[in-house]
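Everything on this sheet refers to the single structure shown next.
No lab work stands behind these numbers, since they all come straight from the coordinates. All values reported here derive from a predicted model rather than from experimental measurement. Glycine gets a Cβ as well: all are built from the backbone with ideal geometry, and neighbour counts include every protein chain shown.
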Amino acid sequence: MPTSAPPPGPIDELTLDRVTKRFPGVLACNRVSLTVRRGEVHALVGENGAGKSTLMNLLAGLYQPDGGRILIDGHPVRFRTPADACAHGIGMVHQDFMLVPTMTVAENVALGLGPRRSGRRLDLARVRRLVEGVAGHHGLGVDPEAPVWQLSVGEQQRVELVKVLCLGARMLILDEPTSALTPQQTDDLLERLTRMSAELPIVFISHKLAEVKALSRRVTILRQGAVVFAGDTGHTSTEELAALMTGHAVHQPRNEGGGAPRPAVLTMRRLVVRADRGHLAVDGLSLEVRAGEILGLAGVSGNGQRELADALAGLRRTEAGAVLLGNENLTGASPDRIIARGMGYVPEDRRQEGIVPTFSVEENLILKDVASPRFSAGPFLRLRAIHRNAEALRDRFDIRCASTAAWAGALSGGNVQKVILARELARAPRALVAIYPTRGVDMGAAEFIHGQLLALRAAGAGILLVSEELEELLNLSDRIAVIYRGRILRVLPAAEATRGQLGRLMAGVDG
C-alpha cells in the first residue's frame, strides 16, 4: 500500500496488526500486535534479541514488514523510508544514538530537517532557537552550540529526544531512555514523560521493570519474536514480568563478601586528567582496587568517569599523578603495554570502542591476541583456531548469534556486551575496568554478566566497576567510592551503604 499523506494534528492511536518480519534464517517478529494511545505510556519489554528493536525499526521506516499492517488512527500506512515515518510523526530515540559526533547539537537537528530550498542559506540561528524552545518546553537542558563528541552519553540521549521533537514527532518511541541517568534524573524523566504522554503516545522500551511499572499502564512482552503477554502493568509484579521475559525465574547474583583484605592490584595516585573541552575532569583522584575485590565507582554521568577509565586504559594522557598495576608504574604507557601487563577494559561505548562492527564475532574475540602464536603464524591467521576459540566462548558466555562468522555489529546490544566481556575475561586479567557493563541489557543478560564479574573476583582479580545503577553497585561491590566533579568524596563498605546516602553523595552532598 502506498504511503498516504499524513493527517494533521496529534496521533490518537497507533496499531501494529499481526506484523511479521523475517531475516535470513531468523523470524524476528512473528505476527506481533500492539496498540498505543495518546494519554498513555505503553511499555515494550523482552530479552535482548526478542524482537523489540526490529519491531520499532519497522515503525521508524528502517525495515519493511513481510506481513501484517501498521495503522494510524485506523488508517493503514506503509513507511518505505525513515522520512515517511518522520513525515507521519513517528519519532524514535534509539539506544545507539543516530548523531554525527563532529557536528554541534544544532547542526545535527538541522541535518534532520532535510535539504533547504534552492538558493536559500541554512539559518542555523533559527535552528538554535528551535532547539532552545523545544528543550525549554519539555524541560530537557541541552546546549545547541555543544559539539556532540564532547557530550556524555546521558547528554547525547537528551539531544536525541530534543532532535525528534524538533523534527515534528507526534508519537515517541524511547529505547532505554534512562540507561545513562541517575535515580534522581530517572525519576525526573519519568515524571516528564508522564506529562508528555498527554500530548502524544509513547512507547517505552526498558529492561528496568520497576520503571516499567512506575511509568506505564499497559505492557507488551516479547520472547523469541512473539507476544507472550499483553496486559495491565499494575496487576503484574516485577518478578512475574521478569519470568515472562526470560521464560524462567530470575535471581540476581550478590557479592557475599568474606576473605581478608589483599594487596592493591590497581592503584591511582593523585591523578589529574583533562576532558576534551580542556577542563580538569579528574582532579587529584586517589583510589586503590585490591586483588579479589570489586570496587564500585558511583557518580552522575559527566563527573570524570569516562576520562578516568580512558587514562587507566592508556587512551588519554594524564596531566599528573600515577597509575600502578601491581608494583609497575604504567603512567603514560601505551594501550598495548597496558594490555600486555594484564589490564582488561570494558568501555562505555560498546559499539564504537568495544568492537569493530564490520568484523565478525570471531575476529572481535581475538582483537587483543591476534598476534599470539595461538591465532597466527607470521602474517597468516590460524582460522581453525580462531573459529574453535569463538565457538567455545559463544557457549561459555551464551552469545546468541546465528554464526560466529556473522558481523558483530548485527548483534543486539546485550550480545555485543557479551562478546566484549568474553574477550576480556578469557584473557584472565589481573585487573578489569568495567564501565556500565549492563547498561541497556535485559535482566537475563545482566544476571549472567554479574555472575561472570563475581567469578572473576573469586579468581583473584581486582575490578573497578563504574555504574550509575545503585542496585548493581550494592549487590556486587565490596566497597563503593563516590566520584563528584573528578574527586572521590567518600569510600564506603558496600554492606553499610544505602541508596539514599549514595544518591546524596552523587549529588555532591557529603554529610
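Here the relative contact order of the stretch 257-366, from alpha carbon pairs under 8 Å that lie six or more residues apart, stands at 25 percent. Amide H contacts of Leu113 (H built 1.01 Å from N, in plane; Pro and chain starts excluded): no residue 5 or more places away or on another chain comes under 5 Å.
Residue exposure proxy: Arg128, Arg485, Arg254, ordered by other Cβ atoms within 10 angstrom of their Cβ from fewest to most, comes out as Arg254, Arg485, Arg128. When the stretch 13-246 is described by a simple charge dipole with +1 on each Lys and Arg Cβ and -1 on each Asp and Glu Cβ, the residue from Gly67, Val32, Gly46 located farthest towards its positive end is Gly67.
Relative to the dominant Cα principal axis of the chain, helix 413-425 is inclined by about 10°.
Between 0 and 90 degrees, the angle of helix 443-458 with respect to the longest Cα principal axis of the chain falls at about 10 degrees. The fewest-to-most ranking of Cys86, Cys29 by surrounding Cβ atoms within 10 Å reads Cys86, Cys29. Which parts of the stretch 406-441 would a label at Phe359 reach, counting a residue when its backbone N lies under 12 Å from a point 7 Å out along Cα-to-Cβ? Residues 408-409, 420, 423-424 qualify, since their backbone N sits under 12 Å from the label point.
What distance in nm separates the simple spin-label points at Ala226 and Ala377, each placed 7 Å from Cα in the Cβ direction? A separation of 4.8 nm, rounded to one decimal place.
Between the Cα long axis of helix 124-138 and the first principal axis of the chain there is an angle of about 90°, rounded to the nearest 10. Over the chain, Cα pairs under 8 Å with separation of 6+ residues give a relative contact order of 16 percent.
Residue separation of Gln252 and His138 scaled by 0.36 nm, minus their Cα-Cα distance, works out to 37.5 nm of gained length.
What residue among Ile355, Phe380, Ile294 has its Cα farthest toward the positive end of the dipole of the chain, where the charges are +1 on Lys, Arg and -1 on Asp, Glu, each on the Cβ? Farthest towards the positive end: Phe380. For the peptides 36-42, 237-243, 415-421, the ranking by packing is 415-421, 36-42, 237-243, with the highest mean count of neighbouring Cβ atoms within 10 Å listed first. Estimated from helical segments only, the mean residue ellipticity of the chain at 222 nm is -9000 deg cm²/dmol, where each DSSP H run of four or more residues counts as -39500 (n - 2.57). Residues whose amide H falls under 5 Å from that of Tyr345, counting only those 5 or more places apart or on a different chain, are Val433, with hydrogens built in the peptide plane. Magnitude of the charge dipole for the chain, about its Cα centre and with charges confined to Cβ atoms of Lys, Arg (+1) and Asp, Glu (-1), is about 980 debye. The mean sequence distance of close C-alpha pairs (under 8 Å, at least 6 residues apart), as a share of the length of the stretch 356-427, puts its relative contact order at 43 percent.
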